[in-house]
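Asks: If you scroll down you'll find the structure; I have some questions about it.
The values are calculated or read from the model by the stated rules, or taken from the named source; none is laboratory data. Worth saying up front: this structure is predicted, and the values here are computed from it rather than measured. With ideal geometry, Cβ positions are generated from the backbone for all residues, glycine too; neighbour counts draw on all protein chains shown. Areas reflect the complete protein model, heavy atoms only, side chains present, ligands, DNA and RNA absent. Shrake-Rupley method; radii C 1.70, N 1.55, O 1.52, S 1.80 Å.
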Amino acid sequence: MRGLAEVPVEPQSPERYRSVLTAEQWQDFSSGVERARRLFAGRTIWMVNSTARGGGVAEMLTVLLPYVCGAGIGARWMVIAANPEFFRVTKRIHNHLHGAPGDSPELGAEERRIYEDVVTDRAEELAALLGPGDIVVLHDPQTAGMCPPLRARGVPVVWRCHVGMDTPNDVARSAWRFLLPYVSPADACVFSRRVFAWEGLDESRIAVVPPSIDPFSPKNYEMGETQVAAILGAAGLQEPQGDAPPEFRRLNGRLHRVHRRAGMREETVLRPGNPLVLQVSRWDRLKDPVGVVRGFELGVAGRCDAHLMLAGPSVAEVADDPEGAQVYAETEAAWASLPDGIRARVHLATLPMDDDEENAVMVNALQRRATVVVQKSLAEGFGLTVAEAMWKGRPVVASRIGGIQDQIEHGHTGLLLDDPCDMDGFGELVCRLLLDPGLAHRIGEAAQYRVREQFLGTRHLLQWVDLLGSLAEVQAAESA
């Protein structure tokens with residue numbers, strides 16, 4: 001098994017952000033880019049995670065790193081390979097960090113052995129590639145154990161944790177105890193929210209960097225209704241309408257035609273005029289797809305004629321999530337148990353993953369097609385799908401947890417569900433938007449403005465420049 005694989009990064013000019021920023025925002029951003037060029041001259045920033053596709057981390061790196069390289073800054077993206085036992089353990093850690101037991105409460109000596117066998121080898125492989133002055137950013141539990149051996153070689157290391165809990169429980173703390181020996185040596189530990197930072201970490205090394213979206217990526221770029229309908233029809237996500245070509249522009253500017261089709265579990269095909277409630281997420285119990293099906297059945301279906309679609313990645317193509325197929329099967333069973341009339345209005349979609357940008361444009365089209373977007377997660381680090389839908393002017397109903405509550409101002413830029421298990425409350429909020437188009441429109445407009453101000457990649461990149469730049473300056477001073 002090859003231990004490290006490099007993900008190609010095609011540079012994109014940061015200049016394109018000029019069109020969506022105010023003059024003041026653009027000036028701040030361009031000044032930050034110039035500072036970064038000076039700070040990182042002759043250095044490489046290495047981003048390391050566990051998969052190139054599926055989930056928010058891969059998506060974030062896909063859209064941020066092209067701008068880093070396009071600004072003339074050296075950056076490389078490496079993905080670690082591992083055996084199924086390793087990913088079983090790291091998925092358990094992931095669940096524990098969210099306060100859920102997952103497949104087992106156990107994180108003991110055997111799990112530590114399985115974990116360390118992989119991360120120690122991957123750290124050695126990466127260390128052999130590093131040059132003087134390079135900086136490494138490790139993402140999430142899968143890579144945390146690489147930190148001590150890299151720091152022992154004098155390499156500046158940042159560990160980025162994308163998950164967390166507002167109020168940690170004993171299960172979450174057990175995962176902290178498992179990971180603390182690995183992440184404590186890091187020069188900085190980065191979290192999406194301040195309350196996610198763990199007890200036992202050096203306060204001076206904690207940084208907060210919320211995620212962001214790229215408004216020009218296939219996932220988010222502007223599409224008209226005709227293009228949306230063409231893409232959904234070609235992908236089998238909606239009944240075909242019109243004869244427009246199902247085309248979109250890739251990040252490199254080349255035109256591409258959608259030809260792959262989603263896997264659909266449905267009794268009827270979604271029609272263009274059907275109101276649509278949509279959740280896009282991985283097939284993960286913490287995203288509660290079964291709860292969304294039940295919430296639609298109990299709180300929405302009897303009050304309006306809307307349809308529901310749950311869309312997620314093809315379960316065979318996300319390497320670091322061994323539970324995906326199980327959760328999809330559970331969701332499919334929940335769908336099959338629905339009463340006949342309601343089941344005909346619920347659609348399960350598995351989106352092909354063999355072309356990341358084609359997958360992304362399907363999500364874009366679905367979010368723009370949706371009447372209401374929901375994210376009824378039981379736990380959430382940030383929830384990029386919320387910001388994506390908000391950028392498209394969609395009204396969102398989401399759980400009041402994690403970083404979702406940093407994005408949505410209840411009643412203004414979306415609606416927050418206080419208890420994710422409250423089916424009546426979920427139905428009431430969704431129906432409030434379905435039955436009041438004026439309210440839905442006002443919330444959608446305010447949501448797009450909030451993303452423009454707070455959650456675009458320019459803010460994200462400038463925060464990383466400040467953090468990594470400080471490490472570069474310290475390293476330069478120490479070697480002088």
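Asks: Against the conditions (1) over 22 Å from the mean Cα position of the chain (by Cα); (2) over 22 Å from Val63 (Cα atoms); (3) of a type outside the set (D, E, K, R), where does Ala262 fall short? Just the number, please.
Replies: (1)
Asks: Of the residues Ile80, Ile114, Ile93, Ile73, only one is open to solvent by less than 30 Å² (accessible area, probe 1.4 Å), under 25 Å from Asp354 (Cβ atoms) and β-branched (Val, Ile, Thr); which? Full working, then the answer.
Replies: Numbers: Ile114 fails: under 25 Å from Asp354 (Cβ atoms); Ile93 fails: under 25 Å from Asp354 (Cβ atoms); Ile73 fails: under 25 Å from Asp354 (Cβ atoms).
On inspection, the qualifying residue turns out to be Ile80.
Asks: Go through segment 4-20 and give me each residue that's surrounded by 15 or more Cβ atoms within 10 Å (Cβ to Cβ) and in contact with a strand residue (DSSP E or B) (Cβ under 8 Å, 6 or more places away or on another chain). It would help to see each step written out before you state the result.
Replies: Keep residues of segment 4-20 that are surrounded by 15 or more Cβ atoms within 10 Å (Cβ to Cβ), which gives 4, 7, 9, 11-12, 14, 17.
Correct list: Leu4, Val7, Val9, Tyr17.
Asks: So which of Ala230, Ala262 is among the small types (Gly, Ala, Ser), crowded, with 16+ Cβ neighbours inside 10 Å and within 17 Å of Asp354 (Cα to Cα)?
Replies: Ala262
Asks: Go through segment 451-460 residue by residue and tally those that are farther than 19 Å from Arg205 by Cα, of a type outside the set (Gly, Ala, Ser) and open to solvent by less than 30 Å² (accessible area, probe 1.4 Å). Quick ask: steps written out before the conclusion?
Replies: If we filter segment 451-460 for residues that are farther than 19 Å from Arg205 by Cα, which is where we start, we get 451-459.
Filter again for of a type outside the set (Gly, Ala, Ser), leaving 451-456, 458-459.
Narrowing further to those that are open to solvent by less than 30 Å² (accessible area, probe 1.4 Å): 451, 455-456, 458.
Within segment 451-460, residues that are farther than 19 Å from Arg205 by Cα, of a type outside the set (Gly, Ala, Ser) and open to solvent by less than 30 Å² (accessible area, probe 1.4 Å) number 4.
Asks: Give the residues of segment 165-190 that are part of a helix (DSSP H, G or I) and open to solvent by 50 Å² or more (accessible area, probe 1.4 Å), sorted by residue number.
Replies: Of everything in segment 165-190, those that are part of a helix (DSSP H, G or I) and open to solvent by 50 Å² or more (accessible area, probe 1.4 Å) turn out to be Asp170, Arg173, Arg177, Pro181.
Asks: Among Leu366, Leu378, Leu348, which is the only one that is part of a helix (DSSP H, G or I) and among the aliphatic types (A, V, I, L, M)?
Replies: Leu366
Asks: Scan (1) surrounded by 17 or more Cβ atoms within 10 Å (Cβ to Cβ); (2) under 23 Å from the mean Cα position of the chain (by Cα) for the single condition Leu433 breaks and write down its number.
Replies: Of the numbered conditions (1) surrounded by 17 or more Cβ atoms within 10 Å (Cβ to Cβ); (2) under 23 Å from the mean Cα position of the chain (by Cα), the odd one out for Leu433 is (2).
Asks: Report, ordered by the first and then the second residue, all pairs with beta carbons closer than 6 Å, sequence separation of six or more or different chains, a first member in segment 119-138 that is crowded, with 16+ Cβ neighbours inside 10 Å, and a second member that is in a helix (DSSP H, G or I) and not hydrophobic (A, V, I, L, M, F, W, C).
Replies: Ala123/Pro149
Asks: Where residues in segment 139-164 are touching a helix residue (DSSP H, G or I) at 6+ places or on another chain (Cβ under 8 Å) and either surrounded by fewer than 17 Cβ atoms within 10 Å (Cβ to Cβ) or among the polar types (S, T, N, Q) (or both), which of them is nearest to Leu65 (Cα to Cα)?
Replies: Filtering first and then ranking leaves Thr143.
Asks: If you don't mind, another one. One residue is enough: does segment 29-40 have a residue meeting the conditions touching a strand residue (DSSP E or B) at 6+ places or on another chain (Cβ under 8 Å), outside any strand (DSSP E or B) and among the hydroxyl-bearing types (Ser, Thr, Tyr)?
Replies: No, every residue in segment 29-40 fails to be touching a strand residue (DSSP E or B) at 6+ places or on another chain (Cβ under 8 Å), outside any strand (DSSP E or B) and among the hydroxyl-bearing types (Ser, Thr, Tyr).
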